[in-house]
Structure formats: C-alpha cells, structure tokens
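Worksheet: one structure, shown below.
The values are calculated or read from the model by the stated rules, or taken from the named source; none is laboratory data. Since the model is a prediction, treat every value here as computed from it, not as a measurement. We place every Cβ from the backbone using ideal geometry, glycine too, and count neighbours over all the protein chains shown.
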Amino acid sequence: MSERPWWQHAVIYEIYPRSFQDTNGDGVGDLSGILERVDYLAWLGVDAVWICPFYPSPMADFGYDVADYVGIDPLFGTLDDFDRLAEALHRRGIRIILDFVPNHTSDKHPWFAEARSSRDSPKRDWYIWRDAHPGGGAPNNWQSFPVGSAWEFDEATGQYYCHSFLATQPDLNWRNQSVRAAMYDVLRFWLDRGVDGFRVDVLWHLIKDAQFRDDPPNPHFRDKDPPHLRLLPLHSADQPEVLPIIAEMRQVLNGYPGERLLIGEIYLPLERLVAYYGPNLTGAHLPFNFNLMWVDWRPAPILRLIRDYEAALPLGAWPSWVLGNHDQRRVASRLGPAQDRVAMMLLMTLRGTPTLYYGDELGLKDVPIQQHEMRDPFGLVVPGQGRDPERTSMPWDESQNGGFTTGRPWLPLGKDHPAISVDVQKRDPGSMLNLTRALLALRRREPSLSLGDWEPLAVEGDALAYTRTAGGRRFIIVLNLDTAPKAVGFDRDLAGAIELSTHPGRVGERISTRIELRGDEGVIIKPT
Ligand code: NOJ
C-alpha cells in the first residue's frame, strides 16, 4: 500500500466551511471551527479534507467569487488560523486540500477593477472582452450558469466581458501568459504553506473557443430543463487547449515533495471526462466522477456505469467516485435513509478514491428552505436551482442549533437534527455514522477494498454483486438496491462469513452459495 501514492488509498471528506462549525457566534462556520472538530475527523477515519473556498470574497457565490487568492476572509478567520488548522490536521495524519477557483474572480478582485478601468489597462487582457455583435447586443449566444447571457456590458469602456457564472464572476483569460503565471504563484503560495492538493473549480471551462463561435442549440432540450441546457456548450467550454494548462498546473505541484494532488471538477460525459487525465497522465490525478449522483439506482445501470467507466479510463489512470457535494441534492434525500446506507457501502467498496460530503456520514437530508430563508444566488434567480438545502449546518448534538453555533445559523437546521446528530449516532452501534466509520476502518485495513481489482459477480436475483481482490485477499460485496428482501444465489460455492452489513447483527454469519438479503441491505463477505 505504501508504494501507491497516498491519494489512491485515501478517503476524501468535503467540508463546506460556512456550515461545519461556528466558533464566534455569527452563525457562519469558520476555520477555528474546523480546528475544533479535527478529532472528530480523525475518529471518523478520513484521510484528507477538501475545504471549499475561504478566501476574501464579497460572497456573491459564497466564496466562489474570489477577491484575493492568498488571504482568508475575516468571516472564516486569519492566515494564522489556517496554519493552526493545517498543522492540527497533519499531526493527525489528515491531508488538506484547498479549493482553487481559476476560471473566474470576483468583480471586486483588484485585477478586474484594474482591467475594467480602461481599454488600455495593462490588465485588460487578463479578462475576456469583446465588442458588441455587429448586429448589436452580446458578442455571441453563450449562456452563463444558472441563467442568461454569458456577456455583461461594461458601460464605462463600452465592451462586454465574459462570465460563465454570475455577472459578478468575470472569467479570467487563460490564453494570457501573465494570468497563468499569477495563478501558478497562487498555487505555490499555498503549497509553500503545506497544502497537499487542490480541487480545481470548473476545470473544463478555462479555455473558450478562440473564434468565439456561437454554441449550437441542444436538440434534446425540453421545456422543463434548466435554462443553461438550451445550448450545447461546444465552443464555450471543454476546448483541447485546456489540457496543456492542466499539465502546467501539475508541473507546479510536481515541484513539491509528497505527491501533491490535483482534482478536477468536471461535469462532462464519461468519454470527455477521462480526457482530463491528460496525455500520458499529465492532467488531473482525479477528474471527479459524478456519475453515481444521477445513475438510475438499479443493479444493471450501476454495473454498466462501473464497467463503462473502468473501460474508458486511460492506462494507469486512477478512478474517482463521488456521491454528493455542495451543488447537488443530498444522497439521503435522493435515495432515502435506508438505501443511503447501501450507497455508502457501494462508495467505500469501489475501486478508486471516494469523496464523501460532510454530513453524508450521518444521513443528513436536504433541508427544505422557505423562500424568505433562501441564500443561494442561483436559487434566487432560477426557482428550483437553489443549493441551500444541501448546505445546512452539521448537527453535532441535540441542542437547539445542533452545537453548530451559539448564534443564529445562516441556514435553518432540519427538524430531525437532534436524532441524527453526531452525539446521538455515536452512541448507537447501528447508526449510519457508525456504519460509515466501520466502512472507512475496513477499507483502511484491507487494501483490496481500495486498491484491489474490481470484478462483477454474476448472481441469481436482482442484486449488485462484485468482488475486490488484491494480494491474495478477496472480498465479495452484495448489495440489495430494493426495499423488498432478496434471495441471492451464487453459481459456485463462495464459502465465507459476513464481515460487515448495513444491518446490525449479521457480522460473522456464514454463507456459501446463497444469501438472503433484507430490503435495503448490503453485505461485505470475506471468503474463508
Ligand atoms: C462549481 C462550484 O462547486 C459551485 O458551487 C460554484 O457556484 C461554481 N463552480 C462557480 O464557481
């Protein structure tokens, strides 16, 4: 195991810092709050934390609008707090991964203020400026996320600037060498401070078509789809010239000891996603694979997904699996609390590096947010697109605000927060939290579960079954994705004993050619 880079056998845990732990009573989490909870992270058994942006920001997109890449927003603390946190994590053997947001800055970043000050500004070309279309209006038809033209008219200088997201998030011009040099210096600043890697925001967006051609209409668009899907982003994203840039980022990381990790946030179909490993694996170590979040939750489609993904991976590329993040509905809400446990078992027994979203270890659900409590700008402009429900605070205990804050939490907690809190679940051996912890511990103990080969296992009965094998050790995983009980038969004698079940009380039970699974039950079997 030690021969493999750390990130191949790691479990990554995503922390949305606004919602993890508040220490100063302002209702928003902070770095000192994460510091207070490092023992919990060590107890849970995660190997690395990825912390969403905490840089100075007007918070138009809650930190994904960066006004200074090398500072800490006072809301979250200070650089000293950061250093203390990094040190405390490292002391417990936990790596720290930062969120790097290279596609766009805040419109309040001094670079943009300078760029928009005049057409002759030395930083003008650091952003993407175009004249109006000859026929008037925006230079082309590119759309921003969540809605509207990707072009904003700047009255003072009479040109449009490009923004793939909100108008307050102008896109940097990554064709400009000075932009690249400045952003690589940002990476070095944090690497020098000891960070172990970066999750790179919207990595596939960095380069746009040099000729600014219109995007074609999406023939599959249906009226009920979100507006940004109206066009196919053929020219506004995913351009081949992005790959050499990622290779440059990798080179910056490679200049540091200890295998610093580059993760790419990339929402693309499988065949395009795997291109981001780069030629000869010079790209991202881990392009995030989000497909478990929308796969049809039945054995056949999931098996197909795993097979297709494994088959699409370039030689030597390492898989990534993700069940949730701060932009998507919570897995417990998508699948329900019982199947959620099976999903966690699946995530922790697939080949590759799993990323776990904070609170998912508790089975935290989306919290319904009333219109007047909505905070996410995306939800405010496009009803239904709000990401507040999956960003509510971590329930630590049974007290009124779940131990998250002594003030008023920035988003309300769910009504069920006392029952699912860390304190309550810690005391219950059968809880989701203890199941997650047991899965992490088993995965750490048994390299076959993280690094081993993955093979589908043909079974009678509609269950998802596969084996994981390494160095002569093997595990068999059988998952019932249905609420009804299932008898699952193997075509050979797989004599073994249950090592772990989503349901309490089955550990040690022997099986040979058949197993009766309860509804929503998953088991890990160790052959004997
Ligand atoms: C992806 C981030 O995960 C999301 O939260 C953000 O709004 C956009 N990128 C823009 O930075």
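Looking at region 122-138, which of its residues are assigned to a loop (DSSP other than H, G, I, E, B) and surrounded by 22 or more Cβ atoms within 10 Å (Cβ to Cβ)? Outline the logic, then answer.
Residues of region 122-138 that are assigned to a loop (DSSP other than H, G, I, E, B), as a first pass: 122-123, 128, 131-138.
Listed by number, the list holds a single entry, Ile128.
Are any residues in region 142-162 on the phi < 0 side of the Ramachandran plot and more than 15 Å from the ligand (Cβ to nearest atom), and if so, which ones?
Narrowing region 142-162 to residues on the phi < 0 side of the Ramachandran plot: 142-147, 149-157, 159-162.
The answer is Trp142, Ser149, Trp151, Glu152, Phe153, Asp154, Glu155, Ala156, Thr157, Gln159, Tyr160, Tyr161.
Considering only residues that are of a type outside the set (Phe, Trp, Tyr), within 35 Å of the chain's Cα centre (by Cα) and over 14 Å from Arg213 (Cα atoms), which ones fall in region 129-148?
As a first pass, look at region 129-148 and keep what is of a type outside the set (Phe, Trp, Tyr): 130-141, 143-144, 146-148.
Going one step further and asking which of them are within 35 Å of the chain's Cα centre (by Cα), we end up with 130, 138-141, 143-144, 146-148.
Of everything in region 129-148, those that are of a type outside the set (Phe, Trp, Tyr), within 35 Å of the chain's Cα centre (by Cα) and over 14 Å from Arg213 (Cα atoms) turn out to be Ser144, Pro146, Val147, Gly148.
Exactly one condition in (1) away from the ligand (no atom under 16 Å from the Cβ); (2) in contact with a strand residue (DSSP E or B) (Cβ under 7 Å, 6 or more places away or on another chain) is false for Gly324; which is it?
The single condition Gly324 does not satisfy is (1).
How many residues does region 475-502 contain that are modelled with pLDDT of 95 or more and either surrounded by 16 or more Cβ atoms within 10 Å (Cβ to Cβ) or more than 21 Å from Gly336 (Cβ to Cβ) (or both)? Before the answer, list the steps.
From region 475-502, those modelled with pLDDT of 95 or more are 475-489, 496-502; that's our starting set.
Imposing the further condition that a residue be either surrounded by 16 or more Cβ atoms within 10 Å (Cβ to Cβ) or more than 21 Å from Gly336 (Cβ to Cβ) (or both) reduces the set to 475-482, 486-489, 496-502.
Result for region 475-502: 19.
Considering each residue of region 279-295, count those that are under 13 Å from Trp321 (Cβ atoms), in contact with a strand residue (DSSP E or B) (Cβ under 6 Å, 6 or more places away or on another chain) and assigned to a loop (DSSP other than H, G, I, E, B), and give that number.
3
Could you say which residue among Tyr276, Tyr267, Tyr256 is modelled with pLDDT of 95 or more, within 16 Å of the ligand (Cβ to nearest atom), over 20 Å from Gly324 (Cβ atoms) and not hydrophobic (A, V, I, L, M, F, W, C)?
Numbers: Tyr267 fails: over 20 Å from Gly324 (Cβ atoms); Tyr256 fails: within 16 Å of the ligand (Cβ to nearest atom).
Step by step, each of Tyr276, Tyr267, Tyr256 is checked, and only Tyr276 is modelled with pLDDT of 95 or more, within 16 Å of the ligand (Cβ to nearest atom), over 20 Å from Gly324 (Cβ atoms) and not hydrophobic (A, V, I, L, M, F, W, C).
This table checks each residue for (1) within 25 Å of Asn24 (Cα to Cα); (2) among the charged types (D, E, K, R).
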position: Asp340; (1), (2): no, yes
position: Glu361; (1), (2): no, yes
position: Phe378; (1), (2): no, no
position: Val381; (1), (2): no, no
position: Asp397; (1), (2): yes, yes
position: Leu413; (1), (2): yes, no
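Just the residues that are under 18 Å from His503 (Cα atoms) and either part of a strand (DSSP E or B) or assigned by TED's automatic domain parsing to the domain that holds Ile306 (or both), please, taken from region 460-474.
Those that are under 18 Å from His503 (Cα atoms) and either part of a strand (DSSP E or B) or assigned by TED's automatic domain parsing to the domain that holds Ile306 (or both): Leu464, Ala465.
Would you say Ala284 is within 16 Å of the ligand (Cβ to nearest atom) and touching a helix residue (DSSP H, G or I) at 6+ places or on another chain (Cβ under 8 Å)? First the steps, then the outcome.
Values: within 16 Å of the ligand (Cβ to nearest atom): yes; touching a helix residue (DSSP H, G or I) at 6+ places or on another chain (Cβ under 8 Å): yes.
So Ala284 fits the description; yes.
What are the pairs with Cβ atoms under 6 angstrom where one residue, in region 316-328, is under 12 Å from Tyr358 (Cβ atoms) and assigned by TED's automatic domain parsing to the domain that holds Ala10 and the other, located anywhere, is of a type in the set (Ser, Thr, Tyr) and within 12 Å of the ligand (Cβ to nearest atom)? Sequence gap at least six, or different chains.
So the pair list comes out as Gly324/Tyr357; Asn325/Tyr357; His326/Tyr16.
Here is a yes/no grid of residues against (1) within 16 Å of the ligand (Cβ to nearest atom); (2) of a type in the set (Phe, Trp, Tyr); (3) buried (at least 18 other Cβ atoms within 10 Å of the Cβ):
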residue: Leu35; (1), (2), (3): no, no, yes
residue: Trp43; (1), (2), (3): no, yes, no
residue: Pro58; (1), (2), (3): yes, no, no
residue: Tyr69; (1), (2), (3): yes, yes, yes
residue: Gly77; (1), (2), (3): no, no, yes
residue: Ala86; (1), (2), (3): no, no, yes
residue: Arg95; (1), (2), (3): no, no, yes
residue: Lys108; (1), (2), (3): yes, no, no
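Take Trp126 and decide whether it is over 30 Å from Pro217 (Cβ atoms), aromatic (Phe, Trp, Tyr) and touching a Leu at 6+ places or on another chain (Cβ under 7 Å). Even if it seems obvious, please write down each step before you answer.
Numbers: over 30 Å from Pro217 (Cβ atoms): yes; aromatic (Phe, Trp, Tyr): yes; touching a Leu at 6+ places or on another chain (Cβ under 7 Å): yes.
Here the answer is yes, as Trp126 does meet what is asked.
Against the conditions (1) at negative phi; (2) away from the ligand (no atom under 16 Å from the Cβ); (3) not assigned by TED's automatic domain parsing to the domain that holds Ile51, where does Asn218 fall short? Just the number, please.
(3)
Any residue in region 259-275 that's on the phi > 0 side of the Ramachandran plot and not assigned by TED's automatic domain parsing to the domain that holds Ile306: show its pairings with residues that are assigned to a helix (DSSP H, G or I) and modelled with pLDDT under 95 at Cβ separation under 7 Å, as long as the two are six or more apart or on different chains.
Cβ pairs passing all conditions: none.
Filter region 182-203 down to the residues that are assigned to a strand (DSSP E or B) and over 23 Å from Phe112 (Cα atoms), then identify the one that is farthest from the ligand (Cβ to nearest atom). Walk me through how you get there before you give the answer.
Going residue by residue through region 182-203, those that are assigned to a strand (DSSP E or B) are 197-200.
Next, from what is left, pick out any that are over 23 Å from Phe112 (Cα atoms): 197-199.
Values: Gly197: 16, Phe198: 13, Arg199: 9 Å.
The extreme case among them is Gly197.
Tell me, yes or no, whether region 369-381 has at least one residue that is among the small types (Gly, Ala, Ser) and closer than 23 Å to Ala48 by Cα. Walk me through it before giving the result.
Pass one, region 369-381, residues among the small types (Gly, Ala, Ser): 379.
After this cut, where a residue has to be closer than 23 Å to Ala48 by Cα as well, the list is none.
No, there is no match, as no residue in region 369-381 is among the small types (Gly, Ala, Ser) and closer than 23 Å to Ala48 by Cα.
Considering only residues that are assigned to a loop (DSSP other than H, G, I, E, B), of a type in the set (Val, Ile, Thr) and at pLDDT 95 or above, which ones fall in region 370-422?
Answer for region 370-422, where residues must be assigned to a loop (DSSP other than H, G, I, E, B), of a type in the set (Val, Ile, Thr) and at pLDDT 95 or above: Thr392, Thr405, Thr406.
Can you confirm whether Leu85 is in the same structural domain as Asp366 (by TED's automatic domain parsing), farther than 30 Å from Ser144 by Cβ and under 20 Å from the mean Cα position of the chain (by Cα)?
no
Since Ser236 meets every condition but one in (1) in contact (Cβ under 8 Å) with a residue 40 or more places away in the chain; (2) away from the ligand (no atom under 16 Å from the Cβ); (3) touching a strand residue (DSSP E or B) at 6+ places or on another chain (Cβ under 9 Å), which condition does it not meet?
Every listed condition holds for Ser236 apart from (2).
Out of region 324-372, which residues are in contact with an Asp or Glu (Cβ under 8 Å, 6 or more places away or on another chain) and under 15 Å from Arg443 (Cα atoms)?
Once the filter is applied, which keeps residues that are in contact with an Asp or Glu (Cβ under 8 Å, 6 or more places away or on another chain) and under 15 Å from Arg443 (Cα atoms), region 324-372 yields Met344, Arg351, Thr355, Leu356.
Looking at the structure I just gave you, is Ile306 within 18 Å of Ala465 (Cβ to Cβ) and in contact with a strand residue (DSSP E or B) (Cβ under 6 Å, 6 or more places away or on another chain)? Before the answer, list the steps.
Numbers: within 18 Å of Ala465 (Cβ to Cβ): yes; in contact with a strand residue (DSSP E or B) (Cβ under 6 Å, 6 or more places away or on another chain): no.
Against the criterion (within 18 Å of Ala465 (Cβ to Cβ) and in contact with a strand residue (DSSP E or B) (Cβ under 6 Å, 6 or more places away or on another chain)), Ile306 does not qualify.
Is there any pair with a first residue in region 146-161 that is in contact (Cβ under 8 Å) with a residue 40 or more places away in the chain and a second that is in a strand (DSSP E or B) and not hydrophobic (A, V, I, L, M, F, W, C) whose Cβ atoms are under 7 Å apart and which are 6 or more apart or on different chains, and what are they?
If the second residue must be in a strand (DSSP E or B) and not hydrophobic (A, V, I, L, M, F, W, C), the pairs left are Ala150/Gln143; Gln159/Arg130; Tyr161/Tyr127; Tyr161/Glu152; Tyr161/Asp154.
Got a sec? Which of Gly33, Gly93, Gly71 is in contact (Cβ under 8 Å) with a residue 40 or more places away in the chain and of a type outside the set (Ser, Thr, Tyr)?
The conditions single out Gly93.
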